[in-house]
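J.: Below you will find the structure I want to go over with you.
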Amino acid sequence: MCLWGGGPPSDPAEQSLLNKLIRRSLVRNRNQVEVLQRDPSSPLFSVKTFEELRLKPELLRGVYCLGFNRPSRIQENALPMMLAQPPQNLIAQSQSGTGKTAAFSLAMLSHVKPENHWTQCLCIAPTYELALQIGQVMEQMGKFCPEVTLTYAVRGNRMERGVRLQQHVVIGTPGTLLDWCSKYRIIDPKLISMFVLDEADVMIATQGHRDQSIRIHRLLPKECQMLLFSATFEDSVWGFAEKVVPDPNIIRLRREEETLDTIKQFYILCSEEEEKFSALCDLYGGLTVAQAMIFCRTRKTASWLAGRLTEEGHQVALLSGELTVEQRADVIQRFRTGKEKVLVTTNVCSRGIDVEQVTLVVNFDLPVDMEGNADNETYLHRIGRTGRFGRRGFAVNMVDSDRSMELIRQIERHFNRSISRLDPGSLQEMERLIS
Ligand SMILES: Nc1ncnc2c1ncn2[C@@H]1O[C@H](COP(=O)(O)OP(=O)(O)O)[C@@H](O)[C@H]1O
Ligand SMILES: [Mg+2]
């Protein structure tokens, strides 16, 4: 059901998991954190080191063992708020990879009183896989605190009715967690003192999850600490957040926008698909490019192109919608480590790939929206850089009709940057700039 033919519309939960599987390090962000305090007169604490949080030594050891030297941007403010006494509620929003999950994992580990053998923290995640990811972080971080225990409330994890759980932390999906709290009565919701909702934006994209979360929330005591995290903040997320997190502190870290400042943009005029292919070969063959990413409109074109390039002797990876999340993560990982030099892909799969290392991006097909106009946002995501490294890059657009030339003009106007026609001279110039 995809009008623009890019493959299936990407599932937010899958996309989020994919991000986790490929990203092994923190996304740095130079923007200022915006903090809105519930009580503006109370002092605002932020920490530059983990020591300042006065964690249990075993927990601090776990944090350092993960290779975290100091708190991330969002953690600097979020951690003191989450650990404060009396407890404070928090809504935090920042893009994926900025350290939200690590932050509340630390808060839950620190919050638990191990001598009380009942469930004290509930954490809701949108899917089984995302719940497991959180649990893995907690296991690693808490590895010197074996007295703190956790379990997963996910479909298939069968429990005996009425026998109370002893695990301090339960991470799960909304439906199963609700069952465990109400139908099976293996968790006493009245004893929960910390409630975490992770990936709220992904959560409410799934039918039913929103209402189940609200029903769990209703079972909790009023003084329970509520924490909600999201990568985006549309009105729908906001409405949900306000429902489940009363009197919140709010922390936002806006994403660093990509710019086209360090990118040189070209187009190549071709008459049809086959000519686009030979132009691409000339281009790639004429450059000693480190790595290139090539975007096609449909899966069919992508796999055709990958096949042709392979025949020509290039090492090509193909990223497309029919692969499982794990397979996609694997393809991206191989490309990142340089096992393949060229990545051919459609749009849906490419979000979240870090393009900083890629010097050449080719739009084999230009990105268009549903109305057939230039999709400027996608164009920017494909070729833009955050400017952090200021590294140079090149974008080459294949033009095969008057219509696609018109798209080029639209993009030029939108970004107020010129896109020049590629000629042999520009190839030399590119080569000079690359090496
Ligand atoms: N303070 C830190 N220092 C270094 N790496 C960190 C820190 N906090 C988190 N990370 C790492 O950054 C990545 C993203 O963190 P995560 O908590 O999953 O972010 P988010 O939940 O915002 O997507 C993970 O690989 C995590 O191990
Ligand atoms: Mg997270």
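The values are calculated or read from the model by the stated rules, or taken from the named source; none is laboratory data. Computed from a predicted model, the values in this text were never measured in an experiment. Because the Cβ atoms are built from the backbone with ideal geometry, glycine has one as well, and the counts that use them run over all protein chains shown.
J.: Answer yes or no as to whether residue 11 is more than 16 Å from ligand 1 (Cβ to nearest atom) and within 29 Å of residue 368 (Cα to Cα).
T.: Against the criterion (more than 16 Å from ligand 1 (Cβ to nearest atom) and within 29 Å of residue 368 (Cα to Cα)), residue 11 qualifies.
J.: Given the criterion within 30 Å of residue 99 (Cβ to Cβ) and either at pLDDT below 95 or of a type in the set (A, V, I, L, M) (or both), identify the matching residue among 272, 223, 256.
T.: It is 256.
J.: I would also like to ask the following. Looking for something over 16 Å from the mean Cα position of the chain (by Cα), surrounded by fewer than 12 Cβ atoms within 10 Å (Cβ to Cβ), at pLDDT 90 or above and over 23 Å from residue 150 (Cβ atoms) - is there at least one such residue anywhere in the range 24-43?
T.: Yes, that holds for at least one residue.
J.: List the residue pairs whose Cβ atoms are under 6 Å apart, where the first residue sits in the range 175-186 and is assigned by TED's automatic domain parsing to the domain that holds residue 153 and within 16 Å of residue 131 (Cα to Cα), the second is surrounded by fewer than 18 Cβ atoms within 10 Å (Cβ to Cβ) and modelled with pLDDT under 95, and the two are 6 or more positions apart or on different chains.
T.: Matching pairs, first to second residue: 176/155.
J.: Please pick out the residue among 50, 45 that is under 25 Å from residue 232 (Cα atoms) and assigned by TED's automatic domain parsing to the domain that holds residue 194.
T.: Just one listed residue meets the conditions, 45.
J.: Which of the helices (runs of 4 or more DSSP H) contained wholly in the range 190-286 include at least 3 residues that are within 16 Å of ligand 1 (Cβ to nearest atom) and surrounded by 16 or more Cβ atoms within 10 Å (Cβ to Cβ)?
T.: Output list reads 200-203.
J.: If I ask for residues that are touching a residue at least 12 places away in the same chain (Cβ under 8 Å) and either touching a strand residue (DSSP E or B) at 6+ places or on another chain (Cβ under 7 Å) or surrounded by fewer than 19 Cβ atoms within 10 Å (Cβ to Cβ) (or both), which ones from the range 134-144 would you list?
T.: Applying the first criterion (touching a residue at least 12 places away in the same chain (Cβ under 8 Å)) to the range 134-144 yields 134-135, 137-138, 140-144.
Result: 134, 135, 137, 138, 140, 143, 144.
J.: Give the residues of the range 43-78 that are among the hydrophobic types (A, V, I, L, M, F, W, C) and either farther than 20 Å from residue 140 by Cβ or within 16 Å of ligand 2 (Cβ to nearest atom) (or both), sorted by residue number.
T.: 44, 45, 47, 66, 68, 74, 78
J.: For residue 100, are the conditions met, namely being buried (at least 19 other Cβ atoms within 10 Å of the Cβ), within 14 Å of ligand 1 (Cβ to nearest atom) and at pLDDT below 95?
T.: Working: buried (at least 19 other Cβ atoms within 10 Å of the Cβ): yes; within 14 Å of ligand 1 (Cβ to nearest atom): yes; at pLDDT below 95: no.
No: the conditions fail for residue 100.
J.: Residue 49 is checked against (1) more than 28 Å from residue 167 (Cβ to Cβ); (2) modelled with pLDDT of 95 or more; (3) in contact with a strand residue (DSSP E or B) (Cβ under 6 Å, 6 or more places away or on another chain) and fails just one. What number does that condition carry?
T.: So the condition that residue 49 fails would be (3).
J.: Pick out the one residue from 92, 125 that is closer than 24 Å to residue 38 by Cβ, buried (at least 24 other Cβ atoms within 10 Å of the Cβ), under 17 Å from the mean Cα position of the chain (by Cα) and within 16 Å of ligand 2 (Cβ to nearest atom).
T.: Of 92, 125, the one residue that is closer than 24 Å to residue 38 by Cβ, buried (at least 24 other Cβ atoms within 10 Å of the Cβ), under 17 Å from the mean Cα position of the chain (by Cα) and within 16 Å of ligand 2 (Cβ to nearest atom) is 92.
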